[in-house]
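Let me begin by presenting the structure, written as structure tokens, before commenting on it.
The values are calculated or read from the model by the stated rules, or taken from the named source; none is laboratory data. This is a predicted model, so every value here is computed, not measured. Virtual Cβ from ideal backbone geometry, glycine too; neighbours counted across all protein chains shown. Keep in mind that these areas ignore ligands, DNA and RNA; they rest on the heavy atoms of the full protein, side chains included. Shrake-Rupley method; radii C 1.70, N 1.55, O 1.52, S 1.80 Å.
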Amino acid sequence: PPLASTGLPHTIMGCNQSTVTEKAGGRRQSAVPMSKDEIGKRIESIDATKSATFGGVTVRYAYLSQRGYYPDDAHKPNQDSYVVEHNFADRQTDAFFGVFDGHGRDGDKCAHFVRDNLAKLLSQGVSKARESQKLTANHDLNKDAMQAVILKSHTECNRRMHTKKKLLDDSLSGTTSISMYLHGDRNRITINNVGDSRAVIGRAAEPGGGSAKDGAVGNPSTNPGATVPASSTLKAFALSRDQTPYRRDERIRIRRTGARILSLDQIEGLEPIDEDEAERDERQWAARNGAGGTSDVDVEEIVLGEEIDEGGDPPRVWSPNGDYPGTAFTRSVGDSIAEELGVIAEPEMLARELTPEDKIIVLASDGVFEFLTNQSVIDICAKFTDPLEACRAVVAESYELWLQYELRTDDITMICIFVDGVDSSKLLKASMIAEQIDPHVMDDIMASGGSAEEKEDELVTASSRPTRSNMSLAKSRQIQMVRARGSIRDVTEQSEEDFDVESLYNEKTDEEKARIAEAIRASVVFQNITEAQRELIYKVMEPMPVEEGQLIIKQGTVGDRFYIVDEGSFEVRILGENQKDEDGKGGNRVHVYEGSRANNSHPSFGELALMYSAPRAASIVASTDGMLWALHRFAFKKITAEVGARKDAERVLKRIDMFKSFAADELTNLASYLCEAKFGRNETIIKEGDTGDSLFIILPGGHCESTRMANDGQDKIITLNGDDFFGEEILKGGSDTQYLSTVTAQKKCTCWVLQKSDVKRVIGSKRKVTTNMA
């Protein structure tokens, strides 16, 4: 919604928009590409960053929400909402910020309802509580009284939603809620969390926050002294804890209602169920509490299926009587059926005073944190002097990671607040006012080194939900389907053996290095590289000028480069299953990467090409003239000298007859062509009699069963585990060689896949080298 050009709005609300347009008397079909304007309509944001002072706290804030991309439901509305309210509870020193992430069929309506009602109920509750305690304008509710009002406001909002049957059906729909009440007179914030959206704060490592040259964030136009240090000096802390079945305390609470906690694969019988888990949780919880560790934070949380979420299948809450509701969170507003199973609307609250070291506060829906850590989000925000640009960068980075690792994207919403100033003199004064301490005793308290402050809550160090870094099972299957159709074209122009890394060396200015460094900061691929490797990566990044209309990546081809947008606009286009590229434009336009040196915005794409020889999931077309930085997969591999799982695979390859004569460097070359594939329980990986084109190596933790017809006509069954291989028979014959056995995954497992064509390529290089040496 448009904001007033002058002054501060009392309330800002947004989202739940849909971009459905009418054409020829009907809904626009998903096969029709979206225009750039339509893509822009997926994004709702503040027109410009707003500045405000609440008591002793001076802030600038912005918000942005981007509707998700759902191939099977192109017109699904944005189910996220947000609210910002000034002069909260009729106090100019107070403000309220909130983000609400709806789910279920009426999730957008549920998020809309909470957006419209929660702040109103809380404001009324605070005013009534102040009146009942007969507080003057100079006095505020203490922490306990405030949190009692917050709790009642959430539960009352939940109760009222249940009664709005004509407006919405919240039986299997609801919304999470993350909100912040800013008490400016006390420099205090109270974070209220229901579900798995999140609040994060970035704090300066040293008191004082550093100087202007230390970092980017600040407001020099209004406050020349206000700066946020460089991202390397800001440390991220969680202000909330995700309420999900990954937390032992939440699992115990939920199970005590009779509910079950299982992943979808466990519900469908594709993964085994740990029957002893509930008893083990109770025992470990009792032991921990008995030892005096009663704090939730002290408990080791993520012990339930950490690997499950890597495939996008987290543990969920289920009724003991049926396969519903299946929520991946343990608290929510709405969800009346799940409420009977312990999925409650009671918020967890954290209260603390802001200090000059507090620089950035982020409230965001879980779509932001699916692939980004808290630290990555703060690092990205800290690059910018404008919180709106920070919002754009974080949301864009999140959206792009969803496109890389999933078949869809979530709705993504965030509020970013830059704290430009905190009046420290208000801290003690506010505490004395809150407790109605006689101001004349202030000097005595300060002289004695005492404190009149209420005890503030500890910052949270864990979010209790793992950040994903692998593609989902569905995404992996899509890649395997593309391979099976034989529609992949390898665009690699030369073999890895002949690849000359040094020929790519080109010097970069310090400014160019800084832009590249910031662009790769959030990527999991670059998180463990050394400084020496980083410098080499700078050297081999190829400058790539592009022209409007130039095709950068074609969907279905094997990728060989990772790209950073230095300048320009680039459209992401996707062809749906069985959809033909009749106009040659690459399919539906689903996203636009916007790079700008002026705005310090440098998105990236093609990250998977550095890890796997996998087909591109989308086409990328330049919509303007521009500039890219390109990193070739072969250069990246040679620089990082891969270790770990791929090195383990080399030892397995050495056991295969055809590769026993390979030297160590040749095995490394061969292993570089391995691609990762995921398979579900009881899924057939290869079938006896089918024409084969790939060799498989089971990664540790996998378990498969190989069935082969013996000479006597009986099935011969062999159990295969991690580091076992199968399908090697296809290496010995021609193009029509058939598999000699049927191999089925006995549990969800991951395999390295080596294609016959890649083996031929490596053997060809080996022979070429041998001939040259002779």
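At a glance:
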item	result
Gyration tensor verdict on the range 644-765 (Cα atoms; rounded if a/c is under 1.5, prolate if a/b is larger than b/c, oblate otherwise)	oblate
Carbon + sulfur, % of accessible area of the range 685-764 - ligands and nucleic acids excluded, 1.4 Å	44 percent
Peptide ranges 414-420, 164-170 listed from the most packed, as the mean C-beta count within 10 angstrom indicates	414-420, 164-170
Mean Cβ neighbour count within 10 Å, used as a protection proxy, ranking 136-142, 677-683 highest first	677-683, 136-142
Pair MET709, THR684: separation of 7 Å Cα→Cβ label points (nm)	1.3 nm
Shape of the range 518-585, Cα gyration tensor, a/c cut at 1.5	prolate
Rounded FRET efficiency, nearest 0.05, which uses the C-beta distance separating THR624 from ILE763 and R0 of 45 Å	0.55
Cα convex hull of the range 335-391, projected area averaged across orientations, nm²	6.1 nm²
Segment ASP116-THR136, length gained on full extension (0.36 nm per residue, minus Cα span)	4.3 nm
With all protein chains modelled, accessible area of SER757 [1.4 Å, Å²]	70 Å²
Residues whose placed amide H lies under 5 Å from that of ASP625, excluding near-sequence neighbours	GLU548
Probe 1.4 Å, accessible area per residue of the range 514-643, Å²	38 Å²
With all protein chains modelled, accessible area of LYS760 [1.4 Å, Å²]	130 Å²
Where the range 136-197 is the region considered: accessible area per residue in Å², 1.4 Å probe	35 Å²
Per residue solvent-accessible surface (Å²) - the range 50-97, probe of 1.4 Å	26 Å²
Approximate spin-label separation LEU551-SER503, in nm, with each point projected 7 Å along Cα-to-Cβ	2.4 nm
Nearest-10 value in Å² for the accessible area of ARG521, using the 1.4 Å probe	80 Å²
Shape category assigned to the range 74-178 from the gyration tensor of Cα positions, a/c cut at 1.5	prolate
Exceeding the 18 Å Cα-Cα cut-off - candidates LYS716/LYS747; LYS660/LYS760; LYS654/LYS756; LYS50/LYS359	LYS716/LYS747
Sequence of MET627, MET146 from largest to smallest accessible area, 1.4 Å probe	MET627, MET146
